[in-house]
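One structure is given here, and the rest of the page talks about it.
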Amino acid sequence: MTIRCAPLTPPVVRDDVLVSVCFGSLHPEPTTFKAVSRLAQELDQRFRFREIIVVADDAHRDAFLPLVHQVENIRLIVVPERTAFYQRRAIAADEAIGDVLLLTNSVEIAHLDVVAILERTADNQCAVLPIRKDARMSRTLVAPLVAIGRIAGFNIGTGGLQTLALPRTLLNRLLSHPDRDIVLRFLPRDVSIPICHFEVASGMPSVREAGQWKRRLALMQRLLAYLAPTLLMIVTLNSALLTILGIVYAIYVLGAWVVVDDLAAGWLTLSAMLSLTALFLGISITGLSLGLQQLLARRGRDEFDSVATEINRIDLFGQVSSELNVDLESGQTQPTDQARP
């Protein structure tokens, strides 16, 4: 009796979505290049159309050229050396053309199922955020940052990774945000933004980079500045209350001057000055606060014009024409020799 096993069916390659994988910061090392090459092979096994975007300093431009020649459909975005980390991620996202975007780094992709994350993002049309369970010490150290971030309106947690997957519709919405470099790292606390968590192993190594604490302090400073509308609202309410108290106290002083025949020496002058001072300060601070709130409401969208140059190896249209078995000659579509009888 002979038992025949059916041949394994190869996985179906999806051609209904174009994926973009973006690296905001990479080290020009052979191990990093191998990791990116393995990622490209994994993506090619599942997705027919994909691109990889790498943002690099102008000083390391030549060091990334071997990666450009090694991996197909890769784009190297060159930026000035002092470009901030979060701004690099925003530049990469702004340059991406895919239907689904993945922002990540070389350390986390080795421990994540990138294909599953991209498919979940494309199928559910939600932001996929990988999370893990951090140690208690880590939670204690970043607790002030988490508290300030949540008050400012951002989803900052101790278990979130730097990897983030977004569909095109949601990406366009985040790119229109005035602080898109921050919202592409920490999503806004908005019920209209669908977020799906992708659990990973708790033993996943953390990304250790030079200047990490400096970047966190700068982030805290920006989050404090982002609290300005809330603080201005509180100041406006307090100054309005001060104005009301000044008016009430001025009426009280005027009534005492009319009703009471014998007032203490200097009381009328001192009380009148206090009421007028409170009234003046209340009106002035209220006006300044309202004016600043109006300026903050009108602040425009910042433009990212830091891209110096781009080096790419993209041939999506050639890939499509090859798979469709057509040639483009003199502006007309002609069948290839294989397609002719």
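Provide the packing ranking of 70-81, 252-263, i.e. peptides ordered by the mean count of other C-beta atoms within 10 Å per residue, highest first. Present the calculation step by step, with values, prior to reporting the outcome.
Details: 70-81: 17.8, 252-263: 11.1.
The most tightly packed comes first, giving 70-81, 252-263.
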Between Thr31 and Glu81, the FRET efficiency computed from the C-beta separation at R0 = 25 Å comes out, to the nearest 0.05, as 0.65
Sorted on mean Cβ neighbours within 10 Å (highest first), peptides 282-289, 15-22 come out as 15-22, 282-289
Note: the range 228-298, point scatterers on Cα, Debye, no solvent; log10 I/I(0) at q = 0.12, 0.24 Å⁻¹ equals -0.42, -0.93
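Laboratory data are not the source of any read-out in this text; all were calculated from the coordinates shown. What you see is a predicted model; the values in this text were computed from it and never measured. Virtual Cβ from ideal backbone geometry, glycine too; neighbours counted across all protein chains shown.
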